[in-house]
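Report on one structure; see the data block that follows.
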Amino acid sequence: MVRRLLAAGIAGTIILASGSPTQAMFMQVIDDQIVLSGEVQMGDFERLRGHLDGNPRITTVVLRDSPGGSVQPMWNVMKLIRDRQLRTAISGYCVSACAMMFLGGVERQFTDDQAAGKTYVAFHGPHNQNGTVSGTDTAVFKQVILSYSRAG
């Protein structure tokens with residue numbers, strides 16, 4: 001399933017989309033997968049939902065080289081992935097909000113299209129732009145991580 005990602009040549013198309021970190025996520029449908037890369041931004045949830053509605057054969061969301069991003073679209077994407085009973089896969093790095101979206105998958109895996117040393121998922125505690133951590137936010141994140149990490 002995920003190996004078809006390589007055959008489709010996605011690595012080359014992702015490079016073309018790597019612009020400013022404030023751009024919306026790059027999204028591309030390939031067979032029964034949708035590849036998301038870049039920073040999570042407002043509007044990404046609506047765009048993803050549109051792709052999924054227009055392509056009911058999609059079974060897997062591939063998260064590729066994402067530094068994370070905005071919290072609100074992350075919550076919505078994570079829930080959408082789980083509600084649609086989709087799988088998730090990581091290609092390259094998936095940090096912060098991306099890591100939370102990864103947890104939305106009913107099955108989760110790593111692809112083999114990038115070197116093992118360049119493929120990882122990284123979680124961290126919630127914080128605002130000043131770096132201040134809220135105990136309430138931390139408790140919510142902890143509960144969501146525990147809930148979404150459990151097997152179906």
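The values are calculated or read from the model by the stated rules, or taken from the named source; none is laboratory data. It should be emphasised that the depicted structure is a prediction, and the values quoted were computed from it without experimental measurement. Note that we place each Cβ from the backbone using ideal geometry, even for glycine, and neighbour counts take in every protein chain shown.
Which members of the stretch 73-95 meet the condition of being surrounded by fewer than 20 Cβ atoms within 10 Å (Cβ to Cβ) and at positive phi?
Within the stretch 73-95, just Q85 meets the criteria.
Do you know which residues across the stretch 37-54 are outside any helix (DSSP H, G or I) and more than 21 Å from I90 (Cβ to Cβ)?
The initial filter retains those residues of the stretch 37-54 that are outside any helix (DSSP H, G or I), namely 37-43.
Once the filter is applied, which keeps residues that are outside any helix (DSSP H, G or I) and more than 21 Å from I90 (Cβ to Cβ), the stretch 37-54 yields M42, G43.
Any idea which of F45, F110 is under 19 Å from F141 (Cβ atoms), touching a helix residue (DSSP H, G or I) at 6+ places or on another chain (Cβ under 9 Å) and of a type in the set (A, V, I, L, M, F, W, C)? Don't jump to the end; show me each part of the working.
Numbers: F110 fails: under 19 Å from F141 (Cβ atoms).
F45 is the lone residue from the list that is under 19 Å from F141 (Cβ atoms), touching a helix residue (DSSP H, G or I) at 6+ places or on another chain (Cβ under 9 Å) and of a type in the set (A, V, I, L, M, F, W, C).
If we keep just the residues of the stretch 119-138 that are out of contact with any Asp or Glu (no Cβ under 9 Å at 6 or more places or on another chain) and at pLDDT 80 or above, which is surrounded by the fewest Cβ atoms within 10 Å (Cβ to Cβ)?
A122
Mind listing whichever residues of the stretch 83-106 are under 17 Å from F123 (Cβ atoms) and in a helix (DSSP H, G or I)?
A97, C98, A99, M100, M101, F102, L103
Can you tell me how many residues within the stretch 36-47 are crowded, with 23+ Cβ neighbours inside 10 Å and under 21 Å from V106 (Cβ atoms)?
3
Among the residues of the stretch 68-94, which ones are closer than 14 Å to S37 by Cα and either charged (D, E, K, R) or at pLDDT 95 or above (or both)?
Within the stretch 68-94, V77, T88, A89, I90, S91, G92, Y93, C94 qualify.
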